[in-house]
Every structure is written in C-alpha cells, then in structure tokens.
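One structure below.
The values are calculated or read from the model by the stated rules, or taken from the named source; none is laboratory data. Remember, predicted model here, so these are calculated numbers, not experimental data. All Cβ positions, glycine included, derive from the backbone under ideal geometry; neighbour counts span all protein chains shown. Heads up: the accessible areas ignore ligands, DNA and RNA and are worked out on the full protein's heavy atoms, side chains in. Shrake-Rupley method; radii C 1.70, N 1.55, O 1.52, S 1.80 Å.
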Amino acid sequence: MATEESTGMARSAAVKLSEMGERTKQLGNVIQDPERQRRIVLVIVCVALFLDNMLYMVIVPIVPDYLARLERESEHSREVMHANSSMNCTQNQFETENFDLQIGVLFASKAILQLIVNPLTGTFIDRVGYDIPLLIGLSIMFVSTSIFAFAENYATLFAARSLQGLGSAFADTAGIAMIADRFSEETERSRALGIALAFISFGSLAAPPFGGVLYEFAGKRVPFIALACVCLADGILCLTILKPFSSKTRENMPVGTPIYKLMIDPYIAVVAGALTTCNIPLAFLEPTIANWMEETMDASQWQIGLTWLPAFFPHVLGVYMTVKLAAQYPHLQWFYGALGMVIIGASSCTVPACKNFEQLIIPLCGICFGIALVDTALLPTLAFLVDVRHVSVYGSVYAIADISYCVAYALGPIVAGKIVHDLGFVQLNLGMGLANVIYAPALLLLRNVCLMKPSHSERNMLLEDGATGLYDTIRMEERQGKGEPRSAAANRVPVDEHGKSYSEYETFQSECI
C-alpha cells in the first residue's frame, strides 16, 4: 500500500515537473519573439529611467532637513563662545550661506559627474552594445540608493549622489539608445520614446511627495530602501531576459561615429542646444521656487511639496499629442519643438506674476507641456539624423542628449540661487523665457531634415556593407539563415558622412558627361 502511494506521488511529481518544463519552454519561446522582446526591453528601460528620476528628486524634501538636523545635533559639541553679538550674527549668517552652498553642490554633483562621464560612456556603449552598460548602470544605481539609505553625514551623501550620476550616465544613455535601436520605424520610435519620457516625468514629479511622506512617517531609510528593491528587481529582469553576457550581437556590431564628430554636426548641435535651453527653466526653478513661494504667497509645506505634481498631466498630454502629430505630419517635428520652446518662454515669464498657489499651477503646467513637445519631437530626430548622416549606432548621440540635460541641471542648483540673490526672481524667469523664445527660430534649420531620408521602403535592409544597427544585425542574420531574398538591398540608397545619397553624385556626373 505504501509502495503504491509512493509510486503515485512520484508519478504526480513527474507530471508536475513535466508541466513546469513545458510552461518554461513556452515562456522562453514567448520571450524570444522579437515583438514581445521589444516590449520587455521598453519596460526594463522605462523602469530604469523612472528609478533614476525618482532618486534624483526624492532627496529634495529629505536631505536638506536631514542635514539640518545633523547640523543642530553637532552644534552642541562644537559650540564656540563669541565676544559680542555682532560677531555671532556674522558667524550665523556665514554658516547659513555655507549650508545653502553645500546643499546646492550636493544636488548638482550628480549632473556634474554625469556631464563629465557621458562622453566616455557614449563611446563605451558604441563599442560593447546596449545591454551590458544598462546592467552596469542599474547595479551602480542600486549601490548608490543603498548608500543613501544608510548615510549619516554629508560626505557619504555626496558620494552617493555622485555615484548616482555615474550610474545614470550608463543606464539613461544605454536605455534611450536601446529603444532607438530596437524600434527602427520612425512612428514606433517616437511612440516608444514618448512612453519613456512619460516615465521620466512621472518619476521626477512623483518623487518629492513620495519621499516627503515616507520621510515624515517612516524615516529617512524607507524611501531609499523601497527604490533600491525596485532597482534590484529591474536589474534581475535585465540580466535574465536580455542576457547581456551571452549576447553575440557585439561580434557583428558596426563601428559607430566618434562622439566628437557627432558634436560638430550642425543639425545635432541645434538639437542639443534646444534640449539644454528648454530644460533650463525647470532646472532653475526647482531649487528656487520654494523660497519664493514662502516669501511672496506664504505657501504652506504641502503646497510646496505638491508644486510640480499637477504638471505631470500636461506633460503626458504633450507627449501624446506630439506622438500623434508626428505620425500624421512627420516633416513638422522641428515646428513642434519650436512651438514647445515658445510655450516654455511665455510660461516662464508668467511665473513671477502669480499671486497664489492656484495661479502658479498654470505656468508650471505650461513649462512642462512645452518641454514634452520639445523632448518628444527632438529625441527621435537625433536617431534619425544618425541614421541618414552617420552610422546607426546610438550610444554617442544619446550621450550628447544626456549632456544637454546635465548642463541645465548641473548649473541649476548652483547658479539659480546666485542669480536670484543678485538680480531677483523676476529677472531670472524673464531671462529664461527670453532665451527659449530667441532660440526657437534656430529649429528652422531642421525643417529639411526629412528630405535626407534615403529612398528605401524599409530601414532594415540586407546590404553588402552590413546592417545599420544592433537589432538590424540580428534580423539580418535571421533572414540570411532563413534564406530570404535580398531584393530590398536594391531599394536603399547609401549615403555619405554628409547625409547625401551617392545617387546624387552619380546624377551630377552623368549630367556633366
């Protein structure tokens, strides 16, 4: 009887193991499907971008208050008696200014290190592919977040913040470049990058209330531990799904255009300048608007904490509208960007005129709406410019885009406060608004970019000179393995490094003859 029971249990276990093996096999087949894998890649990248921007902004309500508490606790051990009250007042003023400077340097350290490292990470990504740098970035971000959770002094917080910049230089650039590579059609690419931008916006705008509430009721460690757990889960997903160390795509990877050549490309330079200029109002207002609200409208802490949250919805609306318009009228990408800069400029000039919290929400929503138009229109344009004027490897070009963002966010925490102190909050906003309006006409230089598109029916062609991107290389090998015809090669017109098709030179030569 016992033997029969053990035999039945063994059979049942064998059946269950067989079913599990079959389900695992089916799951593996599903994951290997190119379309599903692209969606998984998009999820992994969006979570990485969301986490990076959550960590970037979650320290805003936490770190200043936490450092102030540490400062107050240490005052008793280093208290020095002064001879007269005027010297004491001067000392207190110096300590306050020094504290504000420390906070500004701490906030800017991420963007500064990211700015320095990005040229190197862009070249590294072009050499090894997108998977490994993304995993490296997630790993560094996990370590950085863990250090934030347990840091108990300024030096450790500064190290964690700087380390986050290093992780962002890998994760952000590799993630955006991977999306551009996997989604090769222009409409799909715009939609995918738009989704990524929505996650960036949500991470930036939801982080302050998220961090402030958890910090108030659960302590400093809890918000960072929660973000570290999500980062770890995303890293495991990247490691198991993308399998970066077993990928063979690097063996057939084309050599990308050096980053210094991309930087001197006039079209890419115009896009980079627009990305920097349009993000200056947001980067400069974030560290200064709280004090201005307290001084001019006697705003409460909950109002200050929720200042930017309503702006998330117009940002998503701007992304959605730009994606839809780009699908219908792709030749007007430059116009969407220029319109966004004008909206940013007008909204920035309106901010100082607001007298209460309700009025302030309107121009802030306008700023975020305009940024959505600019980013959603111009980020796919960068990939397109690389496709038609250079080699379709996207690490360096999106490193340039990341540098553009970092210039604004590195200057913001340090320079904005100085400008407000010397010139005033009104002059700061008028200057930022005027800069956006003046720069907007420069995007007219991009109006003929769509004409550079090579005359071919699809981008992923089988050519004598190989595929044009990492994902293209994989599909080229698959098509060659399946014995698919190479008829598409005849439809593609190769282009030189200046973006002109060789057929133009042949026509010119024939006319001369």
With x for Gly and Pro, the residue-by-residue ³J(HN,Hα) of region 256-272, computed from phi through the Karplus equation 6.51 cos²θ - 1.76 cosθ + 1.60 at θ = phi - 60° and given in whole Hz, is x, 5, x, 5, 5, 6, 5, 5, 8, 5, x, 5, 5, 4, 5, 5, 4
Ordering 116-124, 255-263, 412-420 by per-residue average of other C-beta atoms within 10 angstrom, highest first, gives 116-124, 412-420, 255-263
Note on region 205-340: contact order normalised by length, alpha-carbon pairs under 8 Å, 6 or more apart, percent, works out to 30
Any residue on another chain or 5+ positions along whose placed amide H is under 5 Å from the amide H of VAL391 is listed here as THR257
Given 443-452, 286-295, 368-377, the highest-first ranking by average Cβ count within 10 Å works out to 368-377, 286-295, 443-452
With every protein chain kept in place and a 1.4 Å probe, region 273-416 has an accessible area per residue in Å² of 34
Percent relative contact order for region 262-373, counting Cα pairs under 8 Å at least six residues apart, stands at 37
Yeah, region 176-284 with a ≥ b ≥ c from its alpha-carbon gyration tensor (a/c under 1.5 is rounded, else prolate when a/b outruns b/c, oblate otherwise) is oblate
For 332-338, 435-441, ranked highest to lowest by mean beta-carbon neighbours within 10 Å, the order is 332-338, 435-441
Probe 1.4 Å, heavy atoms of protein chains only: per residue, the accessible area of region 140-192 in Å² is 29
Of every hundred units of 1.4 Å-probe accessible area on region 91-237, the number belonging to carbon and sulfur atoms, as a percent, is 72
Karplus ³J(HN,Hα) for region 151-158 (6.51 cos²θ - 1.76 cosθ + 1.60, θ = phi - 60°; Hz, whole; x = Gly/Pro) runs 5, 10, 8, 5, 4, 5, 5, 5
FRET efficiency (LEU309, ILE264; Cβ distance; R0 45 Å; to 0.05) is 0.65
Residue by residue through region 51-62, the couplings from Karplus 6.51 cos²θ - 1.76 cosθ + 1.60 with θ = phi - 60°, in Hz, x for Gly and Pro, are 5, 4, 6, 4, 5, 5, 9, 5, 7, 4, x, 9
